[in-house]
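Contents: one structure, followed by commentary.
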Amino acid sequence: MALVIYWYDIVCFGIVAASLGVSFWVVWRRELASKCDDNIIYQSLLVARPDITDRTVVAAMPGNHVGSSQLWTSCWKQVHPGWLLATRSISFLVMAGLLWRDIVEWDATIFIYYTEGLASRSGEFRYLLLNSHLKWSTLKTRTSSGGILYASMSSTSEGVGYWLRWQVPVCALAIICPCLLSFHVIKKAKTEPLYIHDLWKSRWRCLNPLWLLFYRFFALLCLSPMLYRIVELDGAFAFYFYTQWTFMLIMIYFALGTVMSAYGCWVSFKHPAVSEHGEKSVFLKRDVEEDGTATSITYKEKKSEGTVKLGIHCAEEAIRERAGFWGYLMQIIYQTCAGAVILTDIIFWCVIVPFLSNSHLGLNALMGCMHSLNAVFLLIDTALNSLPFPWFRLAYFVQWSCLYVIFQWVIHACGFTWWPYPFLELNTPWAPLWYFAMAAIHIPCYGIYALICKAKKSFFPRLFPRAFVRSY
């Protein structure tokens, strides 16, 4: 086949070449060696600026200068760089997942398009939409026996009209307001510091930290097969439900707890003299022996008392090391799981089983275990651990649920038409009432678990005064 070139092809080639040449010239002029009035080269793509601490030099930088700190800080004053990191990480994972899905479906030929995912021509765009619709025209749902049911969806997607209903902005308000309020509470909350020994020591006086390590590892081993079984049955579709979100979060808590308990056991065996119940006696014995040779009893008693107090204080400061990032993450996950477990089990046993058991969600051995053992294992851990339970971390529980609802809204905007829970439907006049009720129910669900923790601190010291250590 001969190569045929028309006159307009030459014009197009000329336009492309001119554009390329101009762009290279702009890069060369603006990025290579731009200078300020004092001949100081500033940092650019091609020339790196040396570290300069002089403010007058920094002030001489041009307005379009991009410093290294601008790459990871936010323009919002009180936004921590960690939030920007999390946003970019989530965006990367989501985009990578979408790209991977298209590569698996269309192989490497997908990269012939300039904008991957949207075809450049209208005919190809309609073809992609048709294939996308055919692919999602069946939706996997669990039957009451734990198998898989393919439920047929409507021939057309919900469309833009579904999201223009009056219920949508009202329900969105029921999501946005609690989410913003929870951010404000987290920002303004003041609580007692979390110490690292609270992560792995028990309130029971004679209970070795090894027992808490063994229990947490045992709980992780018991929960893992259940999640594996549900994922084996339904695949990634299992995480379409709030139950699996909460179940996975509980497993993450027990995994972190196992690691923290292992670290605590290592510290306990490495420094046996430094223990929660033995530090006072060790320092008391050492300081009294040092001052035991005194000739003046009254004077030495006072001096020994002051030395003993100082020794006890130093011991407590040495032992009460502040928890770091992973410690606070474990505490946040623990309290989020506490509210989510109560919410999940109440909704399942009080709403879904009595009224929706003949629908897509039903009661079977696997579902019954998942909605009961999650609370049992967490309650036993609560009875054993030393973790505090401040009220303000209700905000993390609210954010967790808001994240799930936002996830549901996003995937429904992308083509899904079946809601996992009927009270999330937006096409009924009762939708705003359901959404506000679900937002309000987070308070009693979290409050129930907070009362359980308070009862532990109140009743256990009375029932077991010599075995349980009261927290102050």
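The values are calculated or read from the model by the stated rules, or taken from the named source; none is laboratory data. All of these numbers come straight from a predicted model, not from anything done at the bench. Neighbour counts run over all protein chains shown; Cβ positions are idealised from the backbone, glycine included.
Considering every residue within region 399-418, establish whether at least one is among the aromatic types (Phe, Trp, Tyr) and not in a helix (DSSP H, G or I). Checking region 399-418: at least one residue is among the aromatic types (Phe, Trp, Tyr) and not in a helix (DSSP H, G or I).
Being more than 23 Å from residue 403 (Cβ to Cβ), in the same structural domain as residue 342 (by TED's automatic domain parsing) and surrounded by fewer than 18 Cβ atoms within 10 Å (Cβ to Cβ) is a property that holds for residue 222. Only a single criterion out of (1) over 19 Å from residue 340 (Cα atoms); (2) in contact with a strand residue (DSSP E or B) (Cβ under 9 Å, 6 or more places away or on another chain) is not satisfied by residue 241, namely (1).
When 389, 377 are checked against the criterion of being of a type outside the set (Asp, Glu), at pLDDT below 95 and more than 18 Å from residue 163 (Cα to Cα), 389 stands alone in meeting it. Of the residues making up region 378-395, those that are assigned to a helix (DSSP H, G or I) and either closer than 16 Å to residue 343 by Cα or of a type in the set (S, T, N, Q) (or both) are 378, 379, 382, 393, 394, 395. Residues in region 380-390 that are crowded, with 20+ Cβ neighbours inside 10 Å and in contact with a strand residue (DSSP E or B) (Cβ under 9 Å, 6 or more places away or on another chain): 385 alone.
Please verify whether region 214-228 includes one or more residues that are among the basic types (Lys, Arg), at pLDDT 90 or above and not in a loop (DSSP other than H, G, I, E, B). For region 214-228, residues among the basic types (Lys, Arg), at pLDDT 90 or above and not in a loop (DSSP other than H, G, I, E, B): present. Can residue 377 be described as crowded, with 20+ Cβ neighbours inside 10 Å and under 25 Å from residue 201 (Cβ atoms)? Yes. Residue 398: over 13 Å from residue 336 (Cα atoms) and among the aliphatic types (A, V, I, L, M), yes or no? No.
Residue 423 satisfies every condition listed in (1) surrounded by fewer than 16 Cβ atoms within 10 Å (Cβ to Cβ); (2) at pLDDT 90 or above except (2). Among the residues that make up region 390-413, is at least one of them in the same structural domain as residue 342 (by TED's automatic domain parsing), within 22 Å of residue 187 (Cβ to Cβ) and touching an Asp or Glu at 6+ places or on another chain (Cβ under 9 Å)? Checked region 390-413: at least one residue is in the same structural domain as residue 342 (by TED's automatic domain parsing), within 22 Å of residue 187 (Cβ to Cβ) and touching an Asp or Glu at 6+ places or on another chain (Cβ under 9 Å). Of all the numbered requirements in (1) more than 23 Å from residue 363 (Cα to Cα); (2) in contact with a strand residue (DSSP E or B) (Cβ under 9 Å, 6 or more places away or on another chain), residue 234 misses one, and that requirement is (1).
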